[in-house]
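Structure record follows, encoded as C-alpha cells.
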Amino acid sequence: MRIRGIITTGVAASAAIALGTTSAVAATGIDLTTGKGFLGKGEVQTALGLNNAALQKAVDAKSLVFTATQATTQALTQSATQSAAQTATQSAAQSATQSATQSATQNVSQVLSCTVTTGSVKNPKIFTRDGERSAVRTGTRTGSHVGTHTGSRASTRTGTRSGSLSGVSTGSLGYDIDVDARKNSQYTGFIFNGWKGDPTYKDGATTWDSEAKFGDWSFGDYNFGDYTFDSYTFAAYDFGDYAFAPLADVQWGDWVAAPGETPSDCDRDANADKVSDYSNVVTPGAITDGAVADGPIVEGEVVPGDVTEGDVTEGVVQYGAVQYGVRTATGPKALFVNGKAL
C-alpha cells in the first residue's frame, strides 16, 4: 500500500540552496541523503502512541503522513547611505599701522642790553621782545583687531557615508517522500523510496542588526564668507622730536624799550666806541602742542586662525533593496509522521 508523503507548505525557494552535510543513515534506518530505507512499524507506533491494531487501521485509512524537514538560514544585507551637515567657525587676526602729524609752537624771548657812555655818563639800556616759531613732527602707531566669523563667517558643509545593514532569515525546507507500506499478514513497516521532486521553502523568522555599520564620512570643503571684524585698538603714537624753524626765522613781536631808545643804540656804528657790557640773549620758551592729525590706516594681511568644527548633524539613513544570500542547511533532515518526530 502506498502511504502519502506530505511536505510542509510554503513559498518556493527564491535562491539557491546549499545543502549541508547529513548523516548517511539515521537512527530510523532511513538514509537522510536520499530519503531511502526501511522504517519499522514500532517506531511509528511509539511516535504516535498507537497500539498495533490502531496502527493497522491508520494504514488502511491512509491517515499516516510522512514528512521531512531541514532547517536553513539565509544571510540578508541592505546597503545604507546617510547624509550629514557640519558647521564650523574660524577666527582671524589683522594688524594695522597708522601715521600722524602734530604741529607745535614755541615761544621765544630776546633780551638785548648794553651800556652807552656819553662823556662821563654811563647810560644802561635794556630791550626785550617776544616771538614764536612753529614745527611739525610725525609719528606712527601700530594696532591690531580681531575678527571672528561666528555667524557671518560660519559655513556648513555636507557629506555622505555608506554602509550596510545585516540580517538573517531562518526557514525550513520541506520534502515529499515516496513511501510504501510493507505487509505480510499485517503491516510490518514502511519502505521509503526517496524524495519526490524538489524541496519547498517555508519562511521563518527574520532578524536584523540594530543599526547599519557605516564607514567614515566623506565631507566636502567649507564655503566661508567674509570675516566680520571689530574696531582696531591702537596704542599711543610714538613721536619723534619737533624740528623747529631756525631762530633767525622767528616771528618777532615789537621791541619793548624806554621812550626815545631803540635797539640800534647798542648796535649803531657811531656808538661802537661808547658801548660796553653788550649782551644779546635769545631764549626758547615752552612748546605748545597742536592737534594730532591722524593719517590713513594701513591694514596688514588677514591671518586666519584654526577652524573650529561643530557637531555633525546626521540625516535619515536611506536603505537600498534587500540582497539575499545563499540559503544554507543548518543540520540534518528530520523525519516526522503526522507531525511527530521519528
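The values are calculated or read from the model by the stated rules, or taken from the named source; none is laboratory data. None of the values given here were measured: they were computed from a predicted structure. Positions of Cβ are backbone-derived with ideal geometry, glycine not excepted, and every protein chain shown enters the neighbour counts. All accessible areas refer to the heavy atoms of the entire protein, side chains included, with ligands and DNA or RNA removed. Shrake-Rupley method; radii C 1.70, N 1.55, O 1.52, S 1.80 Å.
From 317, 302, 337, 307, which residue is farther than 30 Å from residue 232 by Cα and either open to solvent by 40 Å² or more (accessible area, probe 1.4 Å) or under 32 Å from the mean Cα position of the chain (by Cα) (or both)?
Exactly one of 317, 302, 337, 307 is farther than 30 Å from residue 232 by Cα and either open to solvent by 40 Å² or more (accessible area, probe 1.4 Å) or under 32 Å from the mean Cα position of the chain (by Cα) (or both), namely 317.
Just to verify a result, which residue in the range 198-246, among those that are hydroxyl-bearing (Ser, Thr, Tyr), surrounded by 11 or more Cβ atoms within 10 Å (Cβ to Cβ) and closer than 28 Å to residue 299 by Cα, is farthest from the chain's Cα centre (by Cα)?
Here the residue is 242.
Looking only at residues that are among the polar types (S, T, N, Q) and not in a strand (DSSP E or B) in the range 163-220, which one is nearest to residue 331 (Cα to Cα)?
210
Hey, among the residues in the range 296-342 that are touching a Gly at 6+ places or on another chain (Cβ under 9 Å) and assigned to a loop (DSSP other than H, G, I, E, B), which one's nearest to residue 170 (Cα to Cα)?
Step by step, filter the range 296-342, then rank; the result is 330.
Taking the range 189-243, which residues are more than 30 Å from residue 36 (Cβ to Cβ) and of a type in the set (Ser, Thr, Tyr)?
Answer for the range 189-243, where residues must be more than 30 Å from residue 36 (Cβ to Cβ) and of a type in the set (Ser, Thr, Tyr): 206, 207, 210, 218, 222, 227, 228, 231, 232, 233, 237, 242.
Considering only the range 172-197, state which residues are among the charged types (D, E, K, R) and open to solvent by less than 10 Å² (accessible area, probe 1.4 Å).
Matches in the range 172-197: none.
Can you name every residue in the range 61-103 that is of a type outside the set (Val, Ile, Thr) and within 30 Å of residue 190 (Cα to Cα)?
Residues satisfying the conditions are 61, 62, 63, 64, 66, 68, 70, 71.
Taking the residues in the range 32-58 that are under 21 Å from residue 333 (Cα atoms), of a type in the set (A, V, I, L, M, F, W, C) and open to solvent by 40 Å² or more (accessible area, probe 1.4 Å) as candidates, determine which candidate is nearest to the chain's Cα centre (by Cα).
Looking at the filtered set, the residue picked out is 48.
Looking at (1) closer than 30 Å to residue 216 by Cβ; (2) surrounded by 12 or more Cβ atoms within 10 Å (Cβ to Cβ), can you tell me which one residue 323 breaks?
Single failed check for residue 323: (2).
Can you find a residue in the range 223-244 that is part of a strand (DSSP E or B), under 30 Å from residue 62 (Cα atoms) and of a type in the set (Asp, Glu)?
Keep residues of the range 223-244 that are part of a strand (DSSP E or B), which gives 228-229, 233-234, 238-239, 243-244.
From what's left, under 30 Å from residue 62 (Cα atoms): none.
Scanning the range 223-244 turns up no residue that is part of a strand (DSSP E or B), under 30 Å from residue 62 (Cα atoms) and of a type in the set (Asp, Glu).
Taking the range 59-74 as the search range and keeping residues that are open to solvent by 60 Å² or more (accessible area, probe 1.4 Å) and either touching a Cys at 6+ places or on another chain (Cβ under 8 Å) or not in a helix (DSSP H, G or I) (or both), which one is farthest from residue 172 (Cα to Cα)?
61
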